[in-house]
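Participant: Next up is a structure, given as C-alpha cells.
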Amino acid sequence: MNEKKKKKLILTGGGTAGHVTPHLALIPRLRERGYEIVYIGSYDGIEKRLIADFDVPYYGISTGKLRRYFDPQNFSDPFRVLKGCREAFSILRKEKPDLIFSKGGFVSVPVIRAGALLRIPSILHESDMTPGLANRLCIPVAKTVCCNFPETLSHMPADKAVLTGTPIREELRKGNAADGRALCGFKDDKPVLMIIGGSSGAQAINEVVRQALPKLLPEFNVVHICGKEKMDNLMLTIDGYKQFEYVKNELKDLFAMADVVVSRAGANAICELLALKKPNVLIPLSLRSSRGDQILNAQSFEQQGFSVVIDNDELDDAILIEKIHEVYNDRETYIDTMSRSSQHEATETILSLIDKAMEKA
C-alpha cells in the first residue's frame, strides 16, 4: 500500500524577529500533525538565522522594501522585488505546497502573490492593530487573515478576518526563576526588573535605564537586554545589574524571574508578556521612527488593563522610575487582569485554521 503523501506547508515572513518568532511556536506542533514544512525568506535576513535551529528546508529570495518616503533605494528595490517574485514563483512550482502561512514582512509579498497565480491558498497573520503595507498588498488574495487585536477586525474583510492572538513559543512558559537569578549573579531576594528593547535593542531606553539605575538598584535587581553592541562596558561590574546583548535559550529563565518588564510595544513582544502574565511598562516607538503601530498596540494593552504606557518623547529617568513603581505596587491587579484575557489560545486556533485549509487543499 502506498504511504499517504504528506501535506506540505510553506512558511514565509521576515525582516524582523517579530515576523519569524510566531513560526517558531508553530513548527513543533505542525510537525506533530505530520505536515512537511518549507520556509521562504530573504537571502540573509534574521529569519534565516532563527529558522536554522529547526532543520527546516530554507529558500532565500530577493527582497526590497516598499517605502512611502524618499530613499535612493526606492529606485533599485522594485527590481529586487520583481526578481523575488520570479524566484518565489519558481520555488512554489518546484515544491507544490498545499498551503502558505505568512507572518508578513516584505519578503512575504512575492510569495503570497506568486502563490495566488498558482492557485495555492494562503493564510496571513497580522500582529499589529492595523495591517502593514506588506500584508495590505496580500490581503486581497488571502483565504484568511489572523488578527491579534479585537480592534483589527474592523480593518479587515469580514469574511476573512479571525481573532486569534499570536502564538508564543511553549518553551517560554517553562523557565526557572532560580536558573535566571544564577545566570545573572543575583544573590539577594530583591524583585527583578527586566528591560528588553526588541531584537535590535533600543538605545533611547538603554540610556534612560542607566540614568535611573542609582534609584532602581536599592529596590530591584535589573537584567537589561541591550541589543547588539549596545552594552556599556563601564557598568559590567555593578552589583545587581546584568547586561546581555541578546539572549536565546536563557530568555525563558529571565522571564520566569522577572517581576516587572519594561519593553517596546512590538506585537509579538507584548503578546509574550500577556501569555506569561508579566506586569509591564511599554515604551512604543514614536511616529518619527515607525508608522505608529507600536503606539496603537500599547494603547490597546493599556485600555485592556494589561500595561502602563510611557510616550517615547516624554521618556526620562524620573517618569520611568515612577511608572515602574506604579506597576510593581499594583502587580497583582495586572496579573489578574491578564489571566482573564481570552487571547491565550492563539496556537490552537491557528492550527485549527491550518488544518481546515489543508483538508480542502
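For (1) of a type outside the set (Asp, Glu); (2) surrounded by fewer than 21 Cβ atoms within 10 Å (Cβ to Cβ); (3) under 16 Å from Ile195 (Cβ atoms), each residue gets a yes or a no:
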position	(1), (2), (3)
Met257	yes, no, yes
Leu287	yes, yes, no
Ile295	yes, yes, no
Phe306	yes, no, no
Leu315	yes, yes, yes
Glu348	no, yes, no
Glu359	no, yes, no
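Participant: Filter segment 130-141 down to the residues that are more than 22 Å from Ser300 (Cα to Cα) and surrounded by fewer than 21 Cβ atoms within 10 Å (Cβ to Cβ) and list them by number.
Facilitator: Leu137, Ile139, Pro140, Val141
Participant: If you don't mind, another one. Confirm whether Leu296 is more than 26 Å from Gly175 (Cα to Cα), of a type in the set (A, V, I, L, M, F, W, C) and not in a helix (DSSP H, G or I).
Facilitator: Against the criterion (more than 26 Å from Gly175 (Cα to Cα), of a type in the set (A, V, I, L, M, F, W, C) and not in a helix (DSSP H, G or I)), Leu296 does not qualify.
Participant: Go through segment 112-143 and count every residue that is touching a residue at least 60 places away in the same chain (Cβ under 8 Å) and either assigned by TED's automatic domain parsing to the domain that holds Gln294 or over 18 Å from Met358 (Cβ atoms) (or both).
Facilitator: The total comes to 8.
Participant: Scan segment 193-235 for residues that are in contact with a strand residue (DSSP E or B) (Cβ under 6 Å, 6 or more places away or on another chain), farther than 23 Å from Gly266 by Cα and part of a loop (DSSP other than H, G, I, E, B) and jot them down.
Facilitator: Passing the criteria: only Phe220.
Participant: Can you name the residue in segment 102-111 that is in a loop (DSSP other than H, G, I, E, B) and either without any contact (Cβ under 8 Å) to a residue 60 or more places away in the chain or hydrophobic (A, V, I, L, M, F, W, C) (or both) and is also surrounded by the most Cβ atoms within 10 Å (Cβ to Cβ) among such residues?
Facilitator: Val107
Participant: Looking only at segment 249-295, count how many residues are at positive phi and among the small types (Gly, Ala, Ser).
Facilitator: Qualifying residue count, segment 249-295: 1.
Participant: While we're here: If I go through segment 209-220 residue by residue, how many of them are farther than 16 Å from Val327 by Cβ and touching a residue at least 40 places away in the same chain (Cβ under 8 Å)?
Facilitator: 1
Participant: Now for a different question. In the list Leu236, Leu320, Leu315, which residue meets the criterion of being over 19 Å from the mean Cα position of the chain (by Cα) and under 24 Å from Lys187 (Cβ atoms)?
Facilitator: Going through Leu236, Leu320, Leu315 in turn, the sole match is Leu236.
Participant: Would you be able to say whether some residue in segment 193-200 is touching a Phe, Trp or Tyr at 6+ places or on another chain (Cβ under 8 Å), over 30 Å from Phe106 (Cα atoms) and in contact (Cβ under 8 Å) with a residue 24 or more places away in the chain?
Facilitator: Yes, segment 193-200 has at least one match.
The values are calculated or read from the model by the stated rules, or taken from the named source; none is laboratory data. All figures in this text were calculated on a predicted structure; none of them were measured in a lab. Heads up, the Cβs are rebuilt from the backbone with ideal geometry, glycines too, and the neighbour counts pull from every protein chain shown.
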